[in-house]
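K.L.:
Got a structure for you, written out below as structure tokens; questions coming shortly.
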Amino acid sequence: MPALSSTMTEGKIVEWLKQPGDKVERGESVLVVESDKADMDVESFNEGYLAAVLMPAGGTAPVGETIGLIVETEAEIAEVAAKAPAEPAVAPAPAAAPAPSAPVTPPPAPATAPAPATAVAAPVVAPASTASGRVVASPRAKKLASQLGVDLVALRGSGPHGRIQAEDVMAATGQPITVPRVAEGSGPAYAPAASNGAAAPAPAPAGDAFGRPGESVNFNTLQNAVNRNMFASLAVPCFRVGYTITTTKLDAFYKQVKPKGLTMTALLAKAVGVVLARHPQVNAATSADGTAMAFPASVNVAVAVAMEDGGLITPVLANADKTDIYAMARNWADLVARARSKQLQPEEYSTGTFTLSNLGMFGVDRFDAILPPGTGAILAVAASRPAVVAGKDGSIRVANQMQVNLTCDHRTIYGAQAAAFLKDLAHLIETNPESLAF
Amino acid sequence: MISPNLDAILFEATVPVPFERAWAVQRQLQQRLLDYPEGPDTVVLLEHEPCYTLGRGASEAFLRFDPAAPPLPLHRIDRGGEVTHHAPGQLVLYPVLNLQRHGADLHLYLRQLEQVVIDVMAGLELQGERIDGLTGVWLEGRKLAAIGVGARRWISQHGLALNVDCDLAGFAAVVPCGLRDRPVGRLVDWRPQLNAQQLRQPLLDAFASRFGLVLRPSNPQDGVFKL
């Protein structure tokens, strides 16, 4: 069930324009979905055959639910038809985000799924599973394989349900596995600027791309959801405040605790959480109808994570002000792993009250972030780098510094409140990072 | 928010139009944007000859007549929502927009259409209201504007119908929008001097302003869409 609106939680199937067994052309309308007083024709982005209708016309399904299956060849229709009715649990995608957050694409069908069917879930079709020995690979893996001349059939996938990941293709060619695909701050905030691999001419491009030169590639479900959320932010009067934070102490502390499994993301989220608890105005958001300031009951720090096949998701560290930092680091590792395999529950990525976006591990010296809908502020964290710092007394020293940039909804958060929050955050990180571990 | 002021083409009919003709034009305009999504948005403003229309999923239980022998032409069309009635004196606005340029969010789009009507009513010093869960615009418990849209690849058709000085008798033969006990109303009952002709420009202005469009009449390069 595609999301036709950020406020759509379920949709009614008005009509299946195709019947099981019908051929479906790319771009052809397959069904009509109604939500409120709006109808939308839902089209297939792949050519194939409608093999099964899992939710008949007149039925209502939550956004993200698999409502039908499209297969590539006529031969597979019977296979699906034989098994689909007997297995009502066939590939039920978890219901995606209700409101403002980004829905996840439906996960690949479980290994027991009947055939290499693609789920008609959203205007994009999820990759299939492998029961009949067919190749299941991530879009990036497919792209890499074609660029590098790797035969996917010969590979064993390390992803969920044996899905072939980009890393598997790289490994097959003996290529070193490059940039971490999940761009979150589990690495040190400090990154040498020279690590941006412009080194030896590699056969594969160094940066991520979702298409090849000359191609036009449709946004996937998650990318579309992010796009809608970004558009929504255009209706919010935002302003930005920057601050330079000296991180010499934080970096030293991180070095000590890293062997104990602490990550920079956990440290930053904890620091932000603790300071937010003292600055409830910065944790607040303008209500959906714009008439009130909503003060959440808890401090939930969401952290933006880029997805390998496009789009991003914001797993949430709930109660970041109160949770023990070691527990938080473990939670975070688990959230990221499940975000990668698209197994997060909506409440795990839609309940953030404040968002953290960290590009420090790439050596970025400054950036600003777009405010996610339903929240009041997002903090963009850049790299910590050695800098020559002049003291008030005229002294000169070298210290690590990072720039942070807070984007706020001015209806709820004013400049003075944003500045006071940043000042306190800087004070905590600069003078007492050890306190985060207690 | 900075208004993008997109170029948009206005098609306006000065005499009441049969429903089929207006629907055919909308489909042509929709196809044109499907073929060329970067092209300008279009909007059709007209009044209809008396008729009834049903949304694609609409129930015939809300008709108080035999659908095989309707008192006025009856059309089942590709929009959301239940039955409604059109008649001269009701201003009908059919925006054919690439909604990707307007937020790509169907609920937001419905709310924006409601806001256009609320803006028009504010100009008459009337306070139009939304009722949660009942798309449309209301005044003192009466429904003045009905809204229903359809879209393909985010290209919209259908839109809103605002009762200005139309005869409301035709609504008696149906349960408008499937809502029993919710009477329909018309602006002239609050502003007796008003007629539909006077309200055309305010409606277009409110629409253009809400959607950040600059409306211009069609020119020969835009093709001929005979209303």
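K.L.:
Give the residues of segment B:137-153 that are surrounded by 23 or more Cβ atoms within 10 Å (Cβ to Cβ) and within 8 Å of chain A (Cβ to nearest Cβ), sorted by residue number.
P.N.:
Answer for segment B:137-153, where residues must be surrounded by 23 or more Cβ atoms within 10 Å (Cβ to Cβ) and within 8 Å of chain A (Cβ to nearest Cβ): B:I147, B:G148, B:V149, B:G150, B:A151.
K.L.:
Please count how many residues of segment A:227-239 are assigned to a helix (DSSP H, G or I) and either out of contact with any Leu (no Cβ under 6 Å at 6 or more places or on another chain) or facing chain B (nearest Cβ under 8 Å) (or both). Step through it out loud before you land on a result.
P.N.:
Going through segment A:227-239, the residues assigned to a helix (DSSP H, G or I) turn out to be A:227-233.
Filter once more, so that each one left must be either out of contact with any Leu (no Cβ under 6 Å at 6 or more places or on another chain) or facing chain B (nearest Cβ under 8 Å) (or both): A:227-232.
The total comes to 6.
K.L.:
Assess whether B:E82 counts as being crowded, with 20+ Cβ neighbours inside 10 Å and within 14 Å of chain A (Cβ to nearest Cβ). Explain how you work it out, then say what you get.
P.N.:
Working: crowded, with 20+ Cβ neighbours inside 10 Å: yes; within 14 Å of chain A (Cβ to nearest Cβ): yes.
For B:E82, the condition - crowded, with 20+ Cβ neighbours inside 10 Å and within 14 Å of chain A (Cβ to nearest Cβ) - is met.
K.L.:
Tell me whether segment A:384-406 contains one or more residues that are hydrophobic (A, V, I, L, M, F, W, C), without any contact (Cβ under 8 Å) to a residue 60 or more places away in the chain and either touching a helix residue (DSSP H, G or I) at 6+ places or on another chain (Cβ under 7 Å) or not assigned by TED's automatic domain parsing to the domain that holds A:H279 (or both).
P.N.:
Here is the first cut: in segment A:384-406, the residues hydrophobic (A, V, I, L, M, F, W, C) are A:387-390, A:396, A:398-399, A:402, A:404, A:406.
From what is left, the residues that are without any contact (Cβ under 8 Å) to a residue 60 or more places away in the chain are A:387-388, A:390, A:396, A:398.
Imposing the further condition that a residue be either touching a helix residue (DSSP H, G or I) at 6+ places or on another chain (Cβ under 7 Å) or not assigned by TED's automatic domain parsing to the domain that holds A:H279 (or both) reduces the set to none.
No: zero hits.
K.L.:
Here's another thing I want to ask about it. If you take the residues of segment A:22-41 that are within 27 Å of B:D132 (Cβ to Cβ) and assigned to a strand (DSSP E or B), which of them is farthest from the other protein chains (Cβ to nearest Cβ)? Steps first, answer last, please.
P.N.:
Of all residues in segment A:22-41, those within 27 Å of B:D132 (Cβ to Cβ) come to A:32-40.
Pick out the ones that are also assigned to a strand (DSSP E or B) and you get A:32-35, A:38-40.
Details: A:V32: 6, A:V33: 9, A:E34: 5, A:S35: 6, A:A38: 4, A:D39: 4, A:M40: 5 Å.
Taking the candidates together, the pick is A:V33.
K.L.:
Please verify whether B:G103 is within 14 Å of chain A (Cβ to nearest Cβ), at pLDDT below 95 and under 13 Å from the mean Cα position of the chain (by Cα), treating the condition exactly as stated. Outline the logic, then answer.
P.N.:
Values: within 14 Å of chain A (Cβ to nearest Cβ): yes; at pLDDT below 95: yes; under 13 Å from the mean Cα position of the chain (by Cα): no.
Against the criterion (within 14 Å of chain A (Cβ to nearest Cβ), at pLDDT below 95 and under 13 Å from the mean Cα position of the chain (by Cα)), B:G103 does not qualify.
K.L.:
Pull up segment A:48-83, narrow it to residues that are of a type in the set (D, E, K, R) and more than 31 Å from the chain's Cα centre (by Cα), then point me to the one that is surrounded by the most Cβ atoms within 10 Å (Cβ to Cβ). Steps first, answer last, please.
P.N.:
Looking only at segment A:48-83, we keep the residues that are of a type in the set (D, E, K, R), and these are A:65, A:72, A:74, A:76, A:79, A:83.
The next check asks that each one be more than 31 Å from the chain's Cα centre (by Cα); those that pass are A:74, A:76, A:79, A:83.
Details: A:E74: 12, A:E76: 22, A:E79: 18, A:K83: 17.
Filtering first and then ranking leaves A:E76.
K.L.:
The conditions are (1) among the aliphatic types (A, V, I, L, M); (2) over 14 Å from B:L203 (Cα atoms); (3) touching a strand residue (DSSP E or B) at 6+ places or on another chain (Cβ under 8 Å); (4) more than 9 Å from every other protein chain (Cβ to nearest Cβ), and B:A69 fails exactly one of them. Which is it?
P.N.:
Going through the list (1) among the aliphatic types (A, V, I, L, M); (2) over 14 Å from B:L203 (Cα atoms); (3) touching a strand residue (DSSP E or B) at 6+ places or on another chain (Cβ under 8 Å); (4) more than 9 Å from every other protein chain (Cβ to nearest Cβ), B:A69 breaks only (3).
K.L.:
Kindly list the number of the only condition in (1) more than 10 Å from chain A (Cβ to nearest Cβ); (2) surrounded by 24 or more Cβ atoms within 10 Å (Cβ to Cβ) that fails for B:Q115.
P.N.:
So B:Q115 meets the others, but not (2).
K.L.:
Quick check on segment B:118-136: of everything there that is crowded, with 20+ Cβ neighbours inside 10 Å and touching a residue at least 24 places away in the same chain (Cβ under 8 Å), which residue is nearest to the other protein chains (Cβ to nearest Cβ)?
P.N.:
Filtering first and then ranking leaves B:T135.
K.L.:
I want to confirm something. Restricting to segment A:10-21 and keeping residues that are part of a loop (DSSP other than H, G, I, E, B) and over 26 Å from B:Q31 (Cβ atoms), which single residue is farthest from the other protein chains (Cβ to nearest Cβ)? Lay out the reasoning, then the answer.
P.N.:
Within segment A:10-21, the subset part of a loop (DSSP other than H, G, I, E, B) is A:17-21.
Narrowing further to those that are over 26 Å from B:Q31 (Cβ atoms): A:20-21.
Numbers: A:P20: 21, A:G21: 23 Å.
The selected residue is A:G21.
K.L.:
While we're on this one: Tell me which residues, restricted to segment A:42-59, are away from chain B (no Cβ under 11 Å) and more than 26 Å from B:V96 (Cα to Cα).
P.N.:
A:N46, A:E47, A:G48, A:Y49, A:L50, A:A51, A:A52, A:V53, A:L54, A:M55, A:P56, A:G59
K.L.:
Can you find a residue in segment A:2-24 that is of a type outside the set (F, W, Y), buried (at least 24 other Cβ atoms within 10 Å of the Cβ) and modelled with pLDDT under 85?
P.N.:
Yes, because at least one residue in segment A:2-24 is of a type outside the set (F, W, Y), buried (at least 24 other Cβ atoms within 10 Å of the Cβ) and modelled with pLDDT under 85.
K.L.:
Which is within 24 Å of the chain's Cα centre (by Cα) and either acidic (D, E) or surrounded by 16 or more Cβ atoms within 10 Å (Cβ to Cβ) (or both), of A:K249, A:K270? Give the steps one after another, and end with the answer.
P.N.:
Numbers: A:K249 fails: within 24 Å of the chain's Cα centre (by Cα).
When all the criteria are applied, what remains is A:K270.
K.L.:
Now, a different point. Determine whether segment B:86-100 contains at least one residue that is in contact with an Asp or Glu (Cβ under 9 Å, 6 or more places away or on another chain), among the β-branched types (V, I, T) and within 21 Å of A:D39 (Cβ to Cβ).
P.N.:
From segment B:86-100, those in contact with an Asp or Glu (Cβ under 9 Å, 6 or more places away or on another chain) are B:86-92, B:95-99; that's our starting set.
This time we only want the ones that are among the β-branched types (V, I, T), so: B:92, B:96.
Those still in the list that are within 21 Å of A:D39 (Cβ to Cβ) too: B:92, B:96.
Within segment B:86-100 (the criterion being in contact with an Asp or Glu (Cβ under 9 Å, 6 or more places away or on another chain), among the β-branched types (V, I, T) and within 21 Å of A:D39 (Cβ to Cβ)), the answer is yes, since at least one residue qualifies.
The values are calculated or read from the model by the stated rules, or taken from the named source; none is laboratory data. The structure presented is a predicted model; accordingly, all values stated were derived computationally and were not measured. Please note: Cβ atoms are built from the backbone with ideal geometry, for glycine as well, and neighbour counts cover all protein chains shown.
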